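Have a look at the structure below before the remarks.
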Amino acid sequence: ISPLPLLLFRVCPPSRFFWSFPSGRGVFWPPATRFFVNPRQSIETVLAARPSEATLLAIAMFVSVLLLIRQSMSVFGNDAFADNRVEVFTGHVVSTLFFVPLGLYIFAAIGTLIARLFRGAGSWYEGRAALFWSCFIAAPVLTLVALLKSLMPEAAGLGFVLLDSVAFIFILWSVAQTFAGAFQFTRSWLVFAVVCSPAFLAYVVYGVLVVV
């Protein structure tokens with residue numbers, strides 16, 4: 001058995017998710033549910049609690065685990081991997097648990113730099129909290145989409161494209177909302193436009209490469 005999961009739980013145990021407000025109430029789940037009603041208030045609540053770096057890392061690892069579950073559905077539900085499912089899944093475990101958190105830190109730095117260029121009020125800490133929190137909100141949606149695709153293989157084609165498009169737009173909207181709140185931008189739709197521009201370009205390039 002790989003010692004990696006034990007090491008991860010040692011560094012960022014699940015209790016890290018349940019940091020508290022000054023009032024003593026747990027703040028992990030209330031801001032998550034509040035996000036769908038008032039996303040700006042949700043990220044402001046998280047920042048007001050000043051989660052530690054270990055808590056932010058725990059959130060990043062939680063997102064990685066959900067994405068790993070999403071990938072496992074495609075691996076174990078695809079007959080193309082019938083002969084080497086274990087090897088492929090093991091590769092996904094190593095790459096996801098390492099590169100996803102690393103990528104989140106890198107994208108948080110890039111997002112912070114862009115926000116500062118647009119005169120946002122915040123630091124890399126706010127950038128990390130905003131991106132990690134938006135991914136924490138969006139990751140279950142991605143997992144749900146993967147579950148629906150595995151349960152409805154007859155909808156392959158346009159149905160899958162629509163599901164992926166909705167999930168992709170939701171991720172961008174979540175990132176825009178958290179960055180707008182974290183960096184005190186008054187117009188979140190402008191932040192959404194800034195976030196969408198490079199993301200949409202990357203999505204188009206990816207689609208062209210897949211077709212070619």
Along Cα→Cβ, 7 Å out, is where each label goes; now give me the distance between the ones at residue 48 and residue 151 in nm to one decimal.
-> 3.6
Simple spin-label estimate for residue 73 and residue 193 in nanometres, 7 Å along Cα-Cβ | 3.4
Accessible area, 1.4 Å probe, largest first: how do 179, 192 sort?
-> 192, 179
Accessible-area order for 187, 128, 34, largest to smallest, probe 1.4 angstrom, reads 187, 34, 128
Largest-first ranking of 190, 151, 104 by accessible area, probe 1.4 Å, whole protein assembly kept, is 151, 190, 104
Could you compute the FRET efficiency for residue 184 and residue 106, with r as their C-beta to C-beta distance and R0 at 22 Å, rounded to 0.05?
-> 0.40
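The values are calculated or read from the model by the stated rules, or taken from the named source; none is laboratory data. Source: prediction; values computed, not measured. Counting neighbours? That spans all protein chains shown, and the Cβs are built from the backbone with ideal geometry, glycine included. Side chains are part of the model used for accessible areas, which takes the heavy atoms of the whole protein and leaves out ligands, DNA and RNA. Shrake-Rupley method; radii C 1.70, N 1.55, O 1.52, S 1.80 Å.
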